[in-house]
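**Student:** This is the structure I have questions about; it appears just below.
The values are calculated or read from the model by the stated rules, or taken from the named source; none is laboratory data. Please read all numbers here as calculations on a predicted model, not as lab measurements. Neighbour counts run over all protein chains shown; Cβ positions are idealised from the backbone, glycine included. Quick note on the areas: whole protein, heavy atoms, side chains included, nothing else; ligands and nucleic acids left out. Shrake-Rupley method; radii C 1.70, N 1.55, O 1.52, S 1.80 Å.
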Amino acid sequence: MIAIIFFFFIRALYCQCWFSSIIFSQEILPLDALNIFVSGVIAVWLGWYITRKLTEQRFLKEFIIKDICRIEEQIESFEKLINTNNATLQSIFAELNDLKHKIERFDRTTKLTLFSCNDVNYLNIYHTKLYKISTEEINLPADSRNELQSICDDFVVCLRKIVCKINNM
């Protein structure tokens, strides 16, 4: 659509012999030179400022997203552990403890970067659910494993919602 409008504009200028009536002046006015210089400086400064701000924001977003990726890797590690037959209570405690530390680190990072999201509270709720179910019995029955898998899936979905919110801020 823009190309069509541009075509008709150029055609109208050509039909009015605008191109053949252009006269170039050999004079350079000091005010024109100053205007070009000031416009150039403002354009360079504005480009630098916008680029710097975008780079800073992207760095902060990547910083938070790395913490989220670590949490997701820990959840995957926990899922592998509960799906094995030799999962001990000690190994489950260790995995859940690592997960809790990563959630706390993520929470502190969000407070440092002034990113506010209510979904961070859900991470603690999901961790508590995982802890309650996985530490009830030494040998996890199939029902508990399925419930833990469902909670892990919800946990990961919540993390991905947070990533979407981060990218939209």
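**Student:** Once you have the Cα-Cα distance between Asn146 and Ala3, take 0.36 nm times their residue separation minus that, and quote the gain in nm to one decimal.
**Tutor:** Residue separation times 0.36 nm, minus the Cα-Cα distance, leaves 45.7 nm.
**Student:** Compute the normalised compactness of the range 1-107: alpha-carbon radius of gyration over 2.2 N^0.38 Å, N being the residue count. Don't skip to the end; give the middle numbers.
**Tutor:** On the way: Rg = 31.4 Å, N = 107, 2.2 N^0.38 = 13.0 Å.
Compared with the compact-globule rule of thumb, the range 1-107 sits at 2.42.
**Student:** Place a +1 charge on the Cβ of each Lys and Arg in the range 11-114 and a -1 charge on the Cβ of each Asp and Glu, then give the dipole magnitude about the Cα centre in debye, rounded to the nearest 20. Walk me through the numbers before you get to the answer.
**Tutor:** On the way: 13 positive and 13 negative charges, 27 e Å.
Roughly 140 debye for the range 11-114.
**Student:** Give a residue-ordered list of calculated ³J(HN,Hα) values for the range 46-52 (Karplus: 6.51 cos²θ - 1.76 cosθ + 1.60, θ = phi - 60°; whole Hz; x for Gly, Pro).
**Tutor:** Going residue by residue, I get 5, x, 5, 5, 5, 4, 5 Hz, with x marking Gly and Pro.
**Student:** Another question, then. So, in nm, how far is label Asp154 from label Leu112 when the simple model puts each one 7 Å beyond its Cα toward the Cβ?
**Tutor:** Between Asp154 and Leu112, the label points sit 3.1 nm apart.
**Student:** Under 10 Å, Cα contacts only: if you run a Gaussian network model on the chain, which one of Ile28, Ile133, Ile71 comes out with the highest mean-square fluctuation?
**Tutor:** The residue with the greatest mean-square fluctuation here is Ile28.
**Student:** Among Thr113, Phe155, Asn97, which residue has its Cα furthest toward the positive end of the charge dipole of the range 96-169, with +1 on Lys/Arg Cβ and -1 on Asp/Glu Cβ?
**Tutor:** Thr113
**Student:** If you build a Gaussian network model of the chain, linking Cα atoms that sit under 10 Å apart, which residue out of Leu34, Leu112, Leu89 swings the most?
**Tutor:** Leu34
**Student:** Mean-square fluctuation check for the chain, GNM, Cα pairs under 10 Å: which of Gln90, Gln149, Gln26 is largest?
**Tutor:** The residue that fluctuates most here is Gln26.
**Student:** With only alpha-carbon pairs counted, each pair once and no self-pairs, how large is the Kirkwood hydrodynamic radius of the range 51-167 in angstroms?
**Tutor:** On the way: mean 1/r = 0.0668 Å⁻¹.
Hydrodynamic radius (Kirkwood, Cα pairs) of the range 51-167 is 15.0 Å.
**Student:** May I ask you to give the percent of accessible area on the chain that is carbon plus sulfur, with a probe radius of 1.4 Å?
**Tutor:** Numbers: 7680 of 12420 Å².
C and S fraction of accessible area: 62 percent.
**Student:** Here is a follow-up. Roughly how many debye, to the nearest 20, is the charge dipole of the range 56-169 about its Cα centre, given +1 on each Lys and Arg Cβ, -1 on each Asp and Glu Cβ, and no other charges?
**Tutor:** 480
**Student:** How large is the accessible surface per residue of the chain, computed with a 1.4 Å probe and reported in Å² as a whole number?
**Tutor:** Details: 12420 Å² over 169 residues.
Result: 74 Å² of accessible area for each residue.
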